[in-house]
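The values are calculated or read from the model by the stated rules, or taken from the named source; none is laboratory data. Note that the coordinates shown come from a computational prediction; the quantities given were computed from them, not determined experimentally. In this analysis, Cβ positions are derived from the backbone assuming ideal geometry, glycine residues included, and neighbour counts consider all displayed protein chains. Surface areas here come from the heavy atoms of the whole protein model, side chains and all, with no ligands, DNA or RNA. Shrake-Rupley method; radii C 1.70, N 1.55, O 1.52, S 1.80 Å.
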Amino acid sequence: MWLEIFLIPFVLALVLFIIFWIVHEGSRWQKHPQLGIFARIIQASPGRAFLIFLVLTIAFIPLGLLLMTGMWIDKIAIGITPEKSDVVNVMLLTFLVLAGAFAVMYGAYGTWRQASRAEAELKVRPSSA
């Protein structure tokens with residue numbers, strides 16, 4: 001029972017991450033009836049996109065631990081000791097999600113860094129007309 005309850009926030013964070021990842025690129029998403037709000041939130045600036053992906057990536061760690069805790073509580077409640085394979089399976093799932101999330105977050109960081117450098121370069125060297 002607790003595993004299923006603790007699975008809800010993990011899946012919600014994963015779905016939210018996937019939605020933001022889908023609408024991260026492309027202005028056509030801003031006019032989409034359901035996904036438009038997500039596109040307008042994340043496409044406002046590269047810094048905001050990086051921050052959203054960073055927060056969601058970091059959130060997967062405690063949510064994965066919550067999954068493991070729910071599994072332990074369920075196993076102990078029915079009188080079975082948790083096995084190592086159960087722990088390893090949850091950890092592998094968490095690491096798999098973190099690997100994908102880290103790649104997306106690092107790409108957003110690179111975009112933000114390049115945008116910041118370009119903005120700083122424009123402030124230092126204004127174009128002469």
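Points worth noting:
- Test result for residue 6, assigned to a helix (DSSP H, G or I), under 21 Å from residue 111 (Cβ atoms) and open to solvent by less than 50 Å² (accessible area, probe 1.4 Å): no
- Single match in 107, 70 (criterion: under 30 Å from residue 45 (Cβ atoms) and small (Gly, Ala, Ser)): 107
- So residue 103, is it surrounded by 10 or more Cβ atoms within 10 Å (Cβ to Cβ) and assigned to a helix (DSSP H, G or I): yes
- Top-ranked residue in segment 53-67 [being open to solvent by less than 70 Å² (accessible area, probe 1.4 Å) and within 13 Å of the chain's Cα centre (by Cα); ranked as farthest from residue 43 (Cα to Cα)]: 64
- Failed item, numbered, when residue 123 is tested on (1) in contact (Cβ under 8 Å) with a residue 60 or more places away in the chain; (2) exposed (fewer than 15 other Cβ atoms within 10 Å of the Cβ): (1)
- Residues (over 14 Å from the mean Cα position of the chain (by Cα) and of a type in the set (Ser, Thr, Tyr)) located in segment 71-108: 81, 85
- The set of residues from segment 14-51 being over 27 Å from residue 115 (Cα atoms) and either of a type in the set (Gly, Ala, Ser) or outside any helix (DSSP H, G or I) (or both) comprises 33, 34.
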